[in-house]
Structures are given as C-alpha cells and as structure tokens.
1. Using beta carbons and a limit of 6 Å, which pairs, at least six apart or on different chains, have the first residue in region 141-154 and basic (Lys, Arg) and the second one open to solvent by 10 Å² or more (accessible area, probe 1.4 Å)?
2. Within region 20-29, is even one residue assigned to a strand (DSSP E or B) and within 30 Å of residue 165 (Cβ to Cβ)?
3. Between a residue in region 249-270 that is among the β-branched types (Val, Ile, Thr) and any residue that is open to solvent by less than 60 Å² (accessible area, probe 1.4 Å), which pairs come within a Cβ distance under 7 Å, given they are 6 or more apart or on different chains?
4. For region 49-88, what are the residues that are over 27 Å from residue 9 (Cα atoms), open to solvent by less than 40 Å² (accessible area, probe 1.4 Å) and part of a loop (DSSP other than H, G, I, E, B)?
5. Given 229, 216, which one is closer than 25 Å to residue 121 by Cα and either modelled with pLDDT of 95 or more or assigned to a helix (DSSP H, G or I) (or both)?
6. Quick check on region 89-105: of everything there that is closer than 21 Å to residue 130 by Cβ and open to solvent by less than 70 Å² (accessible area, probe 1.4 Å), which residue is modelled with the lowest pLDDT?
7. Are there any pairs, at least 6 apart or on different chains, whose C-beta atoms fall under 6 Å, with the first in region 273-284 and touching a residue at least 24 places away in the same chain (Cβ under 8 Å) and the second in a loop (DSSP other than H, G, I, E, B) and of a type in the set (A, V, I, L, M, F, W, C), and if so, which?
Amino acid sequence: MRMIPLTHLQSNNILAIDILDENSKVLLTKGQLLTAGLVNRLKNTNLACVYIIDKYSQDQVPTYTAIPQNILQRISTLNELRNINQSGQGDFETLLKIMHTVNDIVYTLYAGKQNYRLNYEPNKLLTKSPTETNIYVAITTTLFALKLGWNPNDAVNLCLAVLLRDIGLAAHFGSSNIARQKHPINGANFLKSTYDLPEEILEIIRQHHELYDGTGFPNKLHGDNICKGARILKIVDLYYSLQEKMWQNPARASVLTEDLQIRTSYLDPVYLGLFMNNVDIFHKDMLLQLTCGDIGIVVKTVKTSPLTPILKIIKSSNPSHVNQLVKVASQPGFKIKSLVYYVD
C-alpha cells in the first residue's frame, strides 16, 4: 500500500484502509474503487492523505499508526487537555483519560514490538493543531524505547512525557522569545504543581530541547547528562521533521542523507545507530525517481543502511532496467532524485 496526499490523489485505485473523519465516522471502507466522483468528494473534506493499492503494491499490511481507529479517537481527548491547560487550569479527569490511553498504546506496542518497525506517519487530517503529529511522535518514541528493552512502566512515563512536552508553550506562559526558551521548565513546573507528575516524566519534559553536543536549551546539557528519554525523543523528533519536509517537497528525498548528516552532532550516536537499524526511512511500496530517470518501487529496507533501500525498477527508458532490482546509490545514475506518487 502507498500513502497519497489528497492533493495528488487519482481515480481508479483501490482504497487500502478505511477512511474516517475527525469524529471517527467511517466515510469509505477499504477495498472500494476510488472513482473520479469519490476522489472529488474526498478532496472536499478535511482529510490530508489516504492509503491506496495499485498493481505495483506488494505490502498490504498496515502499520499500527496507519490504522485510523488507533489514532483519531484519541485526538479529541488530547485536544481537550490541551485546551484546558491553555488557560492554566488543571483537569484530573481528562489527564486520567490520557493515562488510560497511554497504557493502552504502550501495552499494545509491547505485545507487538518484535513485529512493528519504526516508521513515519503523516497527518491524516488537515488541521493547525499539533496533536496528531504529537501522537505519532509519542508512539514511535515509545516503540523505540520498548525495542531497546525498556519495561512497560518506564515506557508509559516516556509516552506521557512526549505527549505533554510542549505544554509550557500555552498562552498563559507568554509568547516572548524568553518564554519560548523557558517553556520546557515552565511546562514541567506547571505539571508538577498541578498534577504532581513523577520526576521521571518531568525530567524528560525539562530536557526535550537539549542536544547531545551541548548546544540545546534551556540548560545546554551535554552528552549523557541528558536523560535517556530526552535523547531518544530528540532522534524521533528529527526523523519526523526530515520526513515531513520530504512529504511537503518530494524533491527533498534527494538530500535526506545530507540533511541527517549535518545534524548528527545533536544526537546520541549509540541510540542513533540503533534507531537506524530499526527504522523505515523509505517505506515499502514507496515510489522513487532516480537520477537516471527510472522509477522504482521500494521492495526492501536494508537494515544496516535504511537510506539506501532496494528498488524494483518499474518504469525506464531502457527496457533492460525494467524489473531489475537495484540498491539505491550502488552505481552512477541510481541516486534518489525525488519521491513520486504515481508511475504515470
């Protein structure tokens, strides 16, 4: 299956996953043929993307985050707490709902951690709220920690910290540059005084903008002086930032390696290496155009080298290239030029 932004969606593809609206109401069920009429209908909703199957698709098993029922029902609860905390007022009932949600997420991930890969999930809804992206970052960070051997209780604290980490940006803290620089501390102090959250959660929130090379804020902590949770989160945050830029501008796929390399000093090198061994940067079934002009579909992620996946060439001006398996950057002309959504 392949993710397609609504702005690029074409007709005559099969819907791979149910489409839900922001109220978790099913709009279309998987398996439906997307006619021109249905595509126009979808483009008039607040949906951002859908998953499709076409004749090139090989992987039809959705990831945990791709299934909208796992995500959309939780957005309203998180938005509710976010809106309450914007005014500086606490709400224990909503926090308890979030804690139940976090427990459900963590124990589901814990049960399937050997089978789940770390992956990027784009927002399914068009909204200015950061809540949906925040959920995906929290899930990916938590899954990474579980793969590293964290116990579920510590993973629950990490997941909750990720979800609440930017609460210090609420309007009642102010909007000046100084307030923004202090938002990790302000947020942790607010959560301590309002909800008396454990120190393990507050420490991650205080340190989530610290960088491994000591250039972060608010305290310019360096290396292992930064807690493990914040070091893991920084890697996932960067991964999501780079992936989001690529989906917004498909040509950035050509410089993804360079974008990562110039930022590696920010990241714990041991955790980064482990992350790269478990992540899909170019997802299976993704279409990539190469510098030679060929278009290939990702058929395999190389565990030791996720930036250079194996492609099957499906379109080329050279007939001998078609159906050939190639490793990205293995020879001249086979570097990535751009992400593409369709072959024709």
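1. From residues that are basic (Lys, Arg), the pairs are 147/113; 147/278.
2. First, the residues of region 20-29 that are assigned to a strand (DSSP E or B): 20, 26-28.
Narrowing the set further to residues that are within 30 Å of residue 165 (Cβ to Cβ) leaves 20.
Checked against the condition, which is being assigned to a strand (DSSP E or B) and within 30 Å of residue 165 (Cβ to Cβ), region 20-29 yields at least one hit.
3. Pairs found: 257/307; 264/272.
4. Matches in region 49-88: 88 only.
5. Numbers: 216 fails: closer than 25 Å to residue 121 by Cα.
Sole residue among the options that is closer than 25 Å to residue 121 by Cα and either modelled with pLDDT of 95 or more or assigned to a helix (DSSP H, G or I) (or both): 229.
6. Restricting to residues being closer than 21 Å to residue 130 by Cβ and open to solvent by less than 70 Å² (accessible area, probe 1.4 Å), the top hit is 90.
7. Every condition considered, the pairs that remain are 281/307.
Residue-by-condition table, conditions (1) of a type in the set (Ser, Thr, Tyr); (2) in a loop (DSSP other than H, G, I, E, B); (3) more than 29 Å from residue 200 (Cβ to Cβ); (4) in contact with a strand residue (DSSP E or B) (Cβ under 8 Å, 6 or more places away or on another chain):
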{"site": "244", "(1), (2), (3), (4)": "no, no, no, no"}
{"site": "289", "(1), (2), (3), (4)": "no, no, yes, yes"}
{"site": "292", "(1), (2), (3), (4)": "no, yes, yes, no"}
{"site": "298", "(1), (2), (3), (4)": "no, no, yes, yes"}
{"site": "311", "(1), (2), (3), (4)": "no, no, yes, yes"}
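The values are calculated or read from the model by the stated rules, or taken from the named source; none is laboratory data. As the structure is a computational prediction, the values presented were derived from the model and not from experiment. Cβ coordinates were reconstructed from backbone atoms using ideal geometry, including for glycine residues, and neighbour counts include every protein chain displayed. For the accessible areas, the whole protein counts, side chains as well, though only heavy atoms, and no ligand, DNA or RNA atoms are used. Shrake-Rupley method; radii C 1.70, N 1.55, O 1.52, S 1.80 Å.
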